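A.B. asks: I am attaching a structure below and will ask some questions about it afterwards.
The values are calculated or read from the model by the stated rules, or taken from the named source; none is laboratory data. Please read all numbers here as calculations on a predicted model, not as lab measurements. Please note: Cβ atoms are built from the backbone with ideal geometry, for glycine as well, and neighbour counts cover all protein chains shown.
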Amino acid sequence: MNQIEKMLRERLQNTFKLYICHAIEHAISEHETENDILQVIINLQASLELLSKLYVLQSKGWQAIVESQFHKKTDLEILSHIDNGTIKTTPYWKNKEFISKEIFLDDEDIELIDNFQNNRNQVMHLGAVNYSRDVLNQAIWFIVRIIHQLNWQDTLPLRHQYMSNSLQFLLGEKLYNKLINSSCYIDEAIDRAHDLCDDIKICIQCGNESFGLVDEYWICTVCGFRGDNDAFGFTDCHLCDVKGTVVYDPFNMGNNKYVTGKCCACKELIKVSMCPQCENIFIFPGSCKYCED
């Protein structure tokens, strides 16, 4: 990563986090006011615009989000423009076109994106016109259906991007718990997992049935816990008899007699082993049922 990309990335990441946290604070306000509704519209739309720009940057490089007249300048000149705030970046509509081709969007998603953009334009250019509380519920849908697909975890320190409750780190424990406990967030996130994935598991982090394979990642649509496809192995639990709920580390399986996994349903630690003949996974101590036959 060169200095131009690093500087742009840091600015987009840091400001996105401020906008999204502020939007959620107002979206789950206990005694919502007109100010809450306006703050949700403005901050959530701004967070999408920054995150979509970051998504394009990570996918295609810094030239894809910087206007062409800057491309032939030296690195020092471009860095100076970024530092002084005189750099010109691509408009939202262009980044919106890109992400619309890259992520899963159905008709409802597209309508949701358009509505938030229209609402934001109304607020900024004409002022508010009696917005209802429905906007606050739509904000939760917006986060679950749109924001979650744009790899917002990449805005966090590396140790919180994988194998952790990324959303809790992003929001802080207090705001995270309030979002989880006082809104429709979990139900919407579980529904979204079933829209995106054919095979849904119970998340090892948050315990919700919202952990599914999206492209090359297993990802939880509730808490943002994620990891590479080959980082997880799944087998059945012999204690609670639930299929595919024991999660284990397949990387260490071949070098050990057994590894300790965890059942995401009953939360018990389960020892699992790999058959050296057919590589079937079985509960340890025990034996491979296929090779026994």
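A.B. asks: Please verify whether segment 131-141 includes one or more residues that are β-branched (V, I, T) and surrounded by fewer than 17 Cβ atoms within 10 Å (Cβ to Cβ).
C.D. replies: No - not one qualifying residue is present in segment 131-141.
A.B. asks: Being buried (at least 17 other Cβ atoms within 10 Å of the Cβ), within 30 Å of I140 (Cα to Cα) and under 31 Å from the mean Cα position of the chain (by Cα): is that true of C220 here?
C.D. replies: Considered against the rule, which asks whether it is buried (at least 17 other Cβ atoms within 10 Å of the Cβ), within 30 Å of I140 (Cα to Cα) and under 31 Å from the mean Cα position of the chain (by Cα), C220 comes out as yes.
A.B. asks: Next question. Does V129 satisfy being of a type outside the set (K, R), in a helix (DSSP H, G or I) and either modelled with pLDDT under 95 or not assigned by TED's automatic domain parsing to the domain that holds K53 (or both)?
C.D. replies: So V129 does not fit the description; no.
A.B. asks: Might you check whether a residue that is out of contact with any Leu (no Cβ under 9 Å at 6 or more places or on another chain), surrounded by fewer than 14 Cβ atoms within 10 Å (Cβ to Cβ) and in a helix (DSSP H, G or I) occurs anywhere in segment 156-163? Even if it seems obvious, please write down each step before you answer.
C.D. replies: At the first step, the residues of segment 156-163 found to be out of contact with any Leu (no Cβ under 9 Å at 6 or more places or on another chain) are 157-159, 161-163.
Now drop any that are not surrounded by fewer than 14 Cβ atoms within 10 Å (Cβ to Cβ), which leaves 157-159.
So of that shortlist, the ones also in a helix (DSSP H, G or I) come out as 158-159.
For segment 156-163, residues out of contact with any Leu (no Cβ under 9 Å at 6 or more places or on another chain), surrounded by fewer than 14 Cβ atoms within 10 Å (Cβ to Cβ) and in a helix (DSSP H, G or I): present.
A.B. asks: Let me ask you something else. Going by what's in this entry, would Q58 be described as assigned by TED's automatic domain parsing to the domain that holds N2, touching a Phe, Trp or Tyr at 6+ places or on another chain (Cβ under 9 Å) and within 25 Å of T155 (Cα to Cα)?
C.D. replies: Numbers: assigned by TED's automatic domain parsing to the domain that holds N2: yes; touching a Phe, Trp or Tyr at 6+ places or on another chain (Cβ under 9 Å): no; within 25 Å of T155 (Cα to Cα): yes.
Spelling it out, it is not the case that Q58 is assigned by TED's automatic domain parsing to the domain that holds N2, touching a Phe, Trp or Tyr at 6+ places or on another chain (Cβ under 9 Å) and within 25 Å of T155 (Cα to Cα).
A.B. asks: Here is a follow-up. Checking Q63 against (1) at pLDDT 95 or above; (2) surrounded by fewer than 17 Cβ atoms within 10 Å (Cβ to Cβ); (3) closer than 28 Å to K178 by Cα; (4) among the polar types (S, T, N, Q), which single condition isn't satisfied?
C.D. replies: (3)
A.B. asks: Looking at segment 96-125, which of its residues are surrounded by 14 or more Cβ atoms within 10 Å (Cβ to Cβ) and closer than 15 Å to A139 by Cβ?
C.D. replies: Of everything in segment 96-125, those that are surrounded by 14 or more Cβ atoms within 10 Å (Cβ to Cβ) and closer than 15 Å to A139 by Cβ turn out to be D109, L112, I113, N115, F116, Q117, N119, R120, V123.
A.B. asks: Among (1) within 12 Å of the chain's Cα centre (by Cα); (2) over 23 Å from S29 (Cβ atoms); (3) modelled with pLDDT of 95 or more, there is one condition D154 misses while meeting the rest; what is its number?
C.D. replies: Result: D154 passes all but (3).
A.B. asks: Take I28 and decide whether it is within 24 Å of T90 (Cβ to Cβ) and modelled with pLDDT under 95.
C.D. replies: So I28 does not fit the description; no.
A.B. asks: If only one of K174, K94 is more than 20 Å from L18 (Cβ to Cβ), more than 14 Å from the chain's Cα centre (by Cα), assigned to a helix (DSSP H, G or I) and not small (G, A, S), which one is it?
C.D. replies: Just one listed residue meets the conditions, K94.
A.B. asks: Oh, and also: Give E25, E34 a once-over and let me know the one that is under 16 Å from Q122 (Cα atoms), among the charged types (D, E, K, R) and assigned by TED's automatic domain parsing to the domain that holds D83.
C.D. replies: E34
A.B. asks: Any chance you could count how many residues in segment 206-248 are under 23 Å from Q149 (Cβ atoms) and not hydrophobic (A, V, I, L, M, F, W, C)?
C.D. replies: 15
A.B. asks: Filter segment 74-95 for residues that are surrounded by fewer than 18 Cβ atoms within 10 Å (Cβ to Cβ) and touching a Ser or Thr at 6+ places or on another chain (Cβ under 9 Å) and give the result.
C.D. replies: Those that are surrounded by fewer than 18 Cβ atoms within 10 Å (Cβ to Cβ) and touching a Ser or Thr at 6+ places or on another chain (Cβ under 9 Å): S80, T86, Y92.
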